[in-house]
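Have a look at the structure below before the remarks.
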Amino acid sequence: VDAFQAWCGPCKTVVDLFRKIRNEVGSDLHFAVAEVDSIDALEKYRGKCEPLFLFYAGGELIAVVRGVNAPLLQKTILEQM
């Protein structure tokens, strides 16, 4: 989940990376965006001026990557699969 605030928008620079990884690993991988200002469960992520990527499995938060770091995002995705 790309967690963002309305004033800065979702991180569009990683969309291509997400597509590439999904094409490589298959359809069991799902990406989403969530505006933290409108979701109470994500309130603790408000007020941060950096991209934030939350990794969930079975409804549980399993990893967090702060900032746009394509190699780290790819590594985290592949490790969590």
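The values are calculated or read from the model by the stated rules, or taken from the named source; none is laboratory data. Everything numeric in this text was worked out from a predicted model, so none of it was measured. Cβ: placed from backbone, ideal geometry, glycine included. Neighbour counts: every protein chain shown. These accessible areas exclude ligands, DNA and RNA; they are computed on the full protein's heavy atoms, side chains included. Shrake-Rupley method; radii C 1.70, N 1.55, O 1.52, S 1.80 Å.
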Which members of segment 13-51 meet the condition of being open to solvent by less than 70 Å² (accessible area, probe 1.4 Å), β-branched (Val, Ile, Thr) and in contact with a strand residue (DSSP E or B) (Cβ under 8 Å, 6 or more places away or on another chain)?
VAL14, VAL36
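Quick grid of which residues meet (1) at pLDDT below 85; (2) farther than 14 Å from GLN74 by Cα:
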residue	(1), (2)
PHE4	yes, yes
PRO10	yes, yes
VAL15	yes, no
PHE18	yes, no
LEU29	yes, no
GLU35	no, yes
PRO51	yes, yes
GLY59	no, yes
ILE62	no, yes
Search result, residues across segment 41-81 that are of a type outside the set (Ser, Thr, Tyr) and part of a strand (DSSP E or B):
LEU52, PHE53, LEU54, PHE55, ALA57, GLU60, LEU61, ILE62, ALA63, VAL64, VAL65, ARG66
